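Q: I'd like to ask you about the structure that follows.
The values are calculated or read from the model by the stated rules, or taken from the named source; none is laboratory data. Here the structure is a predicted model, which means the values were calculated and not measured. Cβ atoms come from the backbone with ideal geometry, glycine included; neighbour counts cover every protein chain shown. Just so you know, the surface numbers come from the protein's heavy atoms only, side chains and all, with ligands and any DNA or RNA stripped out. Shrake-Rupley method; radii C 1.70, N 1.55, O 1.52, S 1.80 Å.
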Amino acid sequence: KQEVTQIPAALSVPEGENLVLNCSFTDSAIYNLQWFRQDPGKGLTSLLLIQSSQREQTSGRLNASLDKSSGRSTLYIAASQPGDSATYLCAVSPTGNQFYFGTGTSLTVIP
Amino acid sequence: GAVVSQHPSWVICKSGTSVKIECRSLDFQATTMFWYRQFPKQSLMLMATSNEGSKATYEQGVEKDKFLINHASLTLSTLTVTSAHPEDSSFYICSARDGTGEETQYFGPGTRLLVL
């Protein structure tokens, strides 16, 4: 069964810093990988979707990379802002349908 | 972008009662919807896959007789927690995939269930 791990579990950085969140998965046979943001008590906001054939995706200050063969993905956040504070979830899909989620990284950006 | 709604957003009920949660795709048809559960400080866990017009597929360890799923139309799936107990208290989130083949899944805002 696919297992998804995220490191670190929590991260606190001063405003303006660049940061990297890590995600690893045990089964490299994935269809796609998606990064989400979850604010406390709220649902999910999709940030970036990477297809299995892609190496990276970018949206604004966010860049996500995928190394399928090694079972890793990273989410790079440039010039962090207090509004970026949230839990970031990595999820992999074996077929493009259901997702298997990581445990999340709780990010706090200090003004 | 596509929107998925859930109703209710909050529900508190007594132990032993049944609770129905609705998941609707508002501007697209979803042949498949997914139900997830999230316990405090844990990640989302897939419970079941809901297919329009057929039986749901449940993940291992999820009781199909306790969590009844009905996907009667292309825009609506319901999850009924039967004879709810305090340990069923959780955050339930649904997602839907556009039936036209778009890859992105759209997640609902979630329903927080508290069983007293």
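Q: Please work out if B:Ser90 is over 10 Å from the mean Cα position of the chain (by Cα) and away from chain A (no Cβ under 14 Å).
A: no
Q: Working carefully through the options A:Ser53, A:Ser65, A:Ser69, find the one that is part of a loop (DSSP other than H, G, I, E, B), away from chain B (no Cβ under 14 Å) and at negative phi.
A: Details: A:Ser53 fails: away from chain B (no Cβ under 14 Å); A:Ser65 fails: part of a loop (DSSP other than H, G, I, E, B).
Every option except A:Ser69 fails the conditions.
Q: If you don't mind, another one. Looking at (1) free of Cβ contacts under 8 Å to residues at least 40 places away in the same chain; (2) surrounded by fewer than 16 Cβ atoms within 10 Å (Cβ to Cβ); (3) outside any loop (DSSP other than H, G, I, E, B), find the lone condition where B:Thr80 falls short.
A: Of the numbered conditions (1) free of Cβ contacts under 8 Å to residues at least 40 places away in the same chain; (2) surrounded by fewer than 16 Cβ atoms within 10 Å (Cβ to Cβ); (3) outside any loop (DSSP other than H, G, I, E, B), the odd one out for B:Thr80 is (1).
Q: Can you name every residue in region B:95-110 that is within 14 Å of the chain's Cα centre (by Cα) and either on the phi > 0 side of the Ramachandran plot or at pLDDT 95 or above (or both)?
A: Selection gives B:Gly110 alone.
Q: Given (1) within 14 Å of chain A (Cβ to nearest Cβ); (2) open to solvent by less than 30 Å² (accessible area, probe 1.4 Å); (3) farther than 27 Å from A:Pro40 by Cβ, where does B:Tyr58 come up short, assuming only one miss?
A: Failed condition: (2).
Q: Is at least one residue of region B:54-65 small (Gly, Ala, Ser), in contact with a strand residue (DSSP E or B) (Cβ under 6 Å, 6 or more places away or on another chain) and under 26 Å from A:Cys23 (Cβ atoms)? Outline the logic, then answer.
A: The first filter runs over region B:54-65 and keeps only residues small (Gly, Ala, Ser), leaving B:54, B:56, B:61.
Next, only the ones that are in contact with a strand residue (DSSP E or B) (Cβ under 6 Å, 6 or more places away or on another chain) stay: B:56.
Adding the requirement that they be under 26 Å from A:Cys23 (Cβ atoms) leaves none.
Among the residues of region B:54-65, not one is small (Gly, Ala, Ser), in contact with a strand residue (DSSP E or B) (Cβ under 6 Å, 6 or more places away or on another chain) and under 26 Å from A:Cys23 (Cβ atoms), which makes the answer no.
Q: Turning to a different aspect of this structure: Scan (1) within 11 Å of another protein chain (Cβ to nearest Cβ); (2) open to solvent by 30 Å² or more (accessible area, probe 1.4 Å); (3) at pLDDT 95 or above for the single condition B:Gln42 breaks and write down its number.
A: (3)
Q: In addition: If the Cβ limit is 6 Å and pairs must be 6+ apart or interchain, which residue in region A:77-97 that is more than 10 Å from chain B (Cβ to nearest Cβ) pairs with which residue that is among the polar types (S, T, N, Q)?
A: Hits for this filter: A:Ala78/A:Asn18; A:Ser85/A:Thr108; A:Tyr88/A:Thr105.
Here's the yes/no breakdown for (1) open to solvent by 30 Å² or more (accessible area, probe 1.4 Å); (2) among the polar types (S, T, N, Q); (3) under 19 Å from A:Gly102 (Cα atoms):
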| position | (1), (2), (3) |
| --- | --- |
| B:Ala30 | no, no, no |
| B:Leu74 | yes, no, no |
| B:Phe91 | no, no, yes |
| B:Gln105 | no, yes, yes |
| B:Gly110 | no, no, yes |
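Q: Hey, does region A:16-24 have a residue that's crowded, with 20+ Cβ neighbours inside 10 Å, of a type in the set (Gly, Ala, Ser), over 16 Å from A:Asp67 (Cβ atoms) and over 12 Å from the mean Cα position of the chain (by Cα)? Steps first, please.
A: Step one: filter region A:16-24 for residues crowded, with 20+ Cβ neighbours inside 10 Å, giving A:21, A:23.
From what is left, the residues that are of a type in the set (Gly, Ala, Ser) are none.
So far as region A:16-24 goes, no, none of its residues is crowded, with 20+ Cβ neighbours inside 10 Å, of a type in the set (Gly, Ala, Ser), over 16 Å from A:Asp67 (Cβ atoms) and over 12 Å from the mean Cα position of the chain (by Cα).
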